[in-house]
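Participant: If you scroll down you'll find the structure; I have some questions about it.
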Amino acid sequence: MATALSVTTAAATLLVGAPPAGASLIKFVRADSLAYTDSYQPNTAFVDVPGNAPVGARRDENHKKHVSRSFFTFDLSAYRGKLIKNAYAVAREVQVEDCTKQRRVEVWRTAAVTAQTTWNNPPAALAKLGEFTVSYYGCPSGYLEVDALDAVRDAVAHGDGTLTIEMRIPEDNEGNTHLGRTFRRDFGISIDANTTPFTPTALKVDQSSCNGPAPILTGSRGPVLSAQTGDSDAPEGGNGDFVYATFALWPVDDPSARREWENVGISTSPESRISLHLPYGSLTDGTYAFQVKSHDRDSETGWSEECRFTTDTVRPVGAPTVTSTDYPQNVWSGGGGIPGEFTFSLPGVSDLDGFSYGLWGARSYVAADADGKATVTITPTDDGPVQLQVSGLDKAGNWSDTTYYYLYVNSTSPTIEDLDPEAWYGEPHRIVFRPSMAGVVSYAYTIGYGPEQTVAAAADGTAQITVTPQDSYTEIRVRSVTAAGLRSSDAWTYLVSTTTPFVSSPDWPENETGKKFGSTGTFAFRPHMAGVTEYVWSINDMEPQTVAAGPDGSATVSWTANAFDWQYVVVYSRTADGTESEMSYYGFRVETVAPIVDGPEWGQVAGVFGQPISFGFSPQADNVVSYTYQIDGFDAVTVPAGADGKATTTWTPQYAGEPYAWYTMQVRSLSADGLVSNPIYLYFSVQEQQG
């Protein structure tokens with residue numbers, strides 16, 4: 001069946017674009033050496049001399065006349081094979097004998113300077129480049145230029161790539177001292193040149209390299225095609241030239257369906273990868289070929305070698321079977337740190353490549369044999385239920401359905417015992433490790449997420465370490481290790497080393513209901529650090545109070561329950577030097593003694609205006625002698641209690657001009673010893689009488 005190439009024009013425009021103007025690749029090449037001649041010393045060579053370049057006539061301090069020509073030599077061999085687009089020789093003056101005279105400086109190309117170059121033996125003149133006739137930046141001029149394109153091209157194309165340029169005053173005025181001048185020795189040529197990009201290589205389909213005649217297999221109908229290309233051009237202080245690629249793609253069985261994508265990229269480094277992202281679904285299953293060429297703003301390479309790939313999106317049928325005698329599925333077996341063999345099988349898949357597998361995620365890979373099977377060794381590191389995931393992969397990278405195989409791993413975790421659980425902050429804890437598997441010779445442990453440490457086991461398999469915590473909560477993790485190198489599943493515990501005081505109460509046990517509202521009881525404070533001299537404590541919103549500690553660092557305080565339900569003691573200790581401990585929070589519950597009110601249900605209609613409503617009061621406090629109730633803004637009313645501590649009363653609401661009204665009743669009891677109970681509230685409504 002013929003393969004199809006169905007990339008739409010609209011999709012292609014998302015991947016490529018017209019190239020912007022290329023980056024400038026102009027470089028300023030300075031002369032490698034300077035030589036000059038002097039008519040006053042006609043047979044003396046001044047080659048590779050320091051200093052600047054004299055040109056024309058000048059007089060020395062003895063009024064002797066000198067006439068000089070300067071020669072600059074350039075090595076342009078690096079430009080062989082490049083397209084030289086522009087070249088300008090650029091000079092700067094440092095001294096001019098007479099700025100009122102018009103400048104005339106000729107620039108020539110000459111034969112090479114030798115060690116015998118003198119005034120009487122100058123290098124042969126080959127061609128005149130032009131004259132420096134215009135000054136852009138005053139006198140002396142900071143910028144003078146002349147076109148050197150032909151000279152540079154010819155020097156690069158012939159010989160060894162060496163170019164010698166001469167500066168001199170025209171011969172008919174060469175002896176005129178008014179025209180003499182001196183140039184900086186950093187005379188150079190500004191060259192704009194371009195190198196053809198590298199022909200693309202290292203073609204890839206997604207992450208697979210084209211390394212031979214066999215097509216790459218891919219499970220994608222929209223793979224990423226890429227190639228390595230670039231350009232050796234690199235301007236000073238910038239990236240390389242802009243390089244783009246053209247990708248050509250066609251079905252192998254139908255070359256006439258060839259498609260090309262131009263201006264894909266860009267690449268700006270000497271060697272980089274350009275990618276063409278084909279839209280998903282643009283290809284059907286079949287074999288394709290692609291090749292790539294690259295170009296910059298001035299030149300283009302030839303096509304790369306072909307790369308062939310086959311698109312196969314058919315997934316393997318079914319899910320792998322998993323078997324293991326060491327860890328049968330859904331059976332408690334093995335143990336943390338104990339390896340087991342597992343066999344995967346997916347027969348009937350002709351292009352099966354292997355299996356992806358792993359505990360709690362398929363992150364490992366094993367190749368399948370000719371029968372579609374593979375056997376691996378897996379070592380669970382944890383105990384309890386563990387999920388093994390296994391999927392088959394074909395040679396195109398397509399995944400089968402996933403098998404989920406459940407191991408029930410026996411615990412091999414060592415036990416951890418703290419022999420000093422009551423140690424104060426900064427004091428050592430003796431920690432004992434005990435094995436849960438045979439043959440343990442050592443323990444690998446960490447303290448507070450630090451580096452792993454090792455301690456040898458005694459003959460009975462136990463080991464002891466000492467830990468002095470530096471934090472309030474310090475984690476200890478440990479695995480036992482056998483002589484065969486098996487590591488158990490890990491165990492962990494936390495050493496709690498806080499400075500919070502201990503709080504206790506015989507009257508209000510922690511997290512329990514204690515004495516009733518109005519009762520008096522005590523709380524005992526014991527230190528959790530050395531040198532405690534006092535405690536600062538409070539309950540609910542009361543102002544913090546301070547109590548002195550005894551010689552043993554403990555203290556006892558009393559409190560009369562002036563609130564009910566859940567309350568909290570907040571306390572911290574303090575030493576003589578002002579060091580304060582962490583806060584301790586102790587919760588307890590005060591039993592209510594509020595009366596029980598027998599009357600209308602909360603939030604319900606209690607009666608009508610003008611008719612009495614009955615209420616009954618029963619005690620929860622001891623020896624109640626009366627009750628006081630108040631309804632909203634009305635005066636408080638006291639009702640005596642009977643011998644049984646109960647009382648009844650009525651209240652008649654008066655019509656207030658509204659069809660109904662809401663009221664809140666507050667009731668407290670009074671005991672013979674003067675205890676006023678906590679209040680209870682009742683919320684009810686009264687309506688206008690109907691009909």
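Just so it is clear, none of the values below were taken in a lab; they were calculated from the coordinates. Computed from a predicted structure; not experimentally measured. Don't worry about glycine lacking a Cβ; one is built from the backbone with ideal geometry, like all the others, and counts go over all protein chains shown.
Participant: How would you classify the range 197-311 from its alpha-carbon gyration tensor, with a ≥ b ≥ c the square roots of the eigenvalues: rounded for a/c under 1.5, else prolate if a/b is greater than b/c, otherwise oblate?
Facilitator: Prolate.
Participant: Follow-up. Sort largest first and round to whole Å: the equivalent ellipsoid semi-axes of the range 494-535, each the square root of five times a Cα gyration tensor eigenvalue.
Facilitator: Listed largest to smallest, the semi-axes of the range 494-535 are 26, 14, 5 Å.
Participant: Treating only the Cβ of Lys, Arg, Asp and Glu as charged (+1, +1, -1, -1), what charge dipole size does the range 95-236 show about its Cα centre? Round to the nearest 20 debye.
Facilitator: 300
Participant: OK, next. Only four residue types carry charge here, +1 at the Cβ of Lys and Arg and -1 at the Cβ of Asp and Glu. Report the dipole size of the range 415-496 about the Cα centre in Debye, rounded to the nearest 20.
Facilitator: The calculated dipole for the range 415-496 is roughly 380 debye.
Participant: Which of the listed residues, 505, 527, 29, is farthest toward the dipole's positive end in the chain, when Lys, Arg count +1 and Asp, Glu count -1 at the beta-carbon?
Facilitator: 29
Participant: Say the cut-off is 23 Å between C-alpha atoms; which of 65/101; 82/204; 293/395; 65/128; 27/293; 27/204 go over it?
Facilitator: Result: 82/204; 293/395; 65/128; 27/293; 27/204 exceed 23 Å.
Participant: While we're on this one: For a Förster distance of 51 Å, can you work out the FRET efficiency between the beta-carbons of residue 158 and residue 269, rounded to the nearest 0.05?
Facilitator: 0.95
Participant: Just report the Cα centroid separation between the range 629-664 and the range 53-78, whole Å.
Facilitator: Value for the Cα centre distance between the two parts: 124 Å.
Participant: What's the exposure ranking of 101, 64, going from fewest to most Cβ atoms within 10 Å?
Facilitator: 64, 101
Participant: For residue 276, what residues show an amide H to amide H distance below 5 Å, using hydrogens built from the backbone and excluding near sequence neighbours?
Facilitator: 225, 226
Participant: Using a simple charge model, +1 on the beta-carbon of Lys and Arg, -1 on the beta-carbon of Asp and Glu, nothing else, what dipole does the chain show about its Cα centre, in debye to the nearest 20?
Facilitator: Around 2460 debye, computed over the chain.
Participant: If I take R0 = 45 Å and measure r between the Cβ atoms of residue 466 and residue 321 in this structure, what FRET efficiency does the formula 1/(1 + (r/R0)^6) give, to the nearest 0.05?
Facilitator: So, using R0 = 45 Å, E works out to roughly 0.30.
Participant: A follow-up question, please. Write down the radius of gyration of the range 596-687 and its Dmax, each obtained from C-alpha positions, in Å.
Facilitator: In order Rg, Dmax, the Cα atoms of the range 596-687 give 13.6, 44 Å.
Participant: Also, quick follow-up: Using the Karplus curve 6.51 cos²θ - 1.76 cosθ + 1.60 with θ = phi - 60°, what ³J(HN,Hα) values do you get for each residue of the range 280-295, in whole Hz, with x for Gly and Pro?
Facilitator: Using θ = phi - 60°, the values come out as 4, x, 7, 10, 9, 4, x, 10, 10, 10, 9, 8, 9, 10, 10, 8 Hz.
Participant: Ok, one more. Grab the DSSP H runs of the chain that are 4 residues or longer, score each as -39,500 (n - 2.57), total them, divide by all residues and round the 222 nm result to the nearest 500 deg cm²/dmol.
Facilitator: -500 deg cm²/dmol
Participant: Same structure, new question: Round to a whole angstrom and tell me the spacing of the C-alpha centers of the range 554-597 and the range 312-380.
Facilitator: About 61 Å separates the Cα centre of the range 554-597 from the one of the range 312-380.
Participant: P(r) for the chain: what percent of alpha-carbon pairs falls in each 10 Å bin, starting at zero?
Facilitator: 3, 9, 9, 8, 8, 9, 10, 11, 11, 9, 5, 3, 2, 1, 0
Participant: Go through the range 42-119 and name the GluC sites (Glu not before Pro) that are in a DSSP coil and have 16 or fewer other Cβ atoms within 10 Å of their Cβ.
Facilitator: Of the GluC sites (Glu not before Pro), the ones in loops of the range 42-119 whose Cβ has at most 16 other Cβ atoms within 10 Å are 61, 97.
Participant: Sequence-distant or interchain residues sharing an amide H contact under 5 Å with residue 441, placed H: which?
Facilitator: Those qualifying (amide H under 5 Å, at least 5 residues apart or on another chain) are 481, 482, 483.
Participant: Another question, if that's okay. Among 448, 653, 84, whose Cα sits farthest toward the positive end of the charge dipole of the chain (+1 at Cβ of Lys/Arg, -1 at Cβ of Asp/Glu, about the Cα centre)?
Facilitator: Value computed over the given set: 84.
Participant: Taking Cα pairs under 8 Å and at least six residues apart, what relative contact order does the chain come out at, in percent?
Facilitator: 8
Participant: Describe numerically, in nm with one decimal, the distance between label points set 7 Å from Cα along Cα→Cβ at residue 257 and at residue 62.
Facilitator: Here the answer is 9.2 nm between the modelled labels.
Participant: Only Cα pairs under 8 Å and at least 6 apart count here; give the relative contact order of the range 502-591 as a rounded whole percent.
Facilitator: Dividing the mean separation by the residue count of the range 502-591 yields 36 percent.
Participant: Please list, short to long, the whole-number percent of alpha-carbon pairs of the range 502-591 in consecutive 10 angstrom bins beginning at zero.
Facilitator: Calculated P(r), rounded to whole percents: 18, 52, 25, 5, 0.
Participant: Next question. How would you rank 465, 631, 169, going from fewest to most other Cβ atoms within 10 Å of each one's own Cβ?
Facilitator: 465, 631, 169
Participant: Let me ask something else. Determine, for 218, 468, 118, the number of other Cβ atoms within 10 Å of each Cβ, and report the residues in order from fewest to most.
Facilitator: 468, 118, 218
Participant: For a Förster distance of 30 Å, can you work out the FRET efficiency between the beta-carbons of residue 438 and residue 364, rounded to the nearest 0.05?
Facilitator: Calculated value: 0.55.
Participant: Can I ask one more? Search the structure for amide H atoms under 5 Å from the amide H of residue 128, placed 1.01 Å from N in the peptide plane, and list their residues when 5 or more places away or on another chain.
Facilitator: The answer is 109.
Participant: Spelling out what I want: for every residue of the range 394-410, take phi, set θ = phi - 60°, compute 6.51 cos²θ - 1.76 cosθ + 1.60 (Karplus), and round to whole Hz; glycine and proline get x.
Facilitator: With the stated coefficients, the range 394-410 comes to 8, 5, 8, x, 6, 9, 7, 4, 9, 9, 10, 10, 9, 9, 10, 8, 5 Hz.
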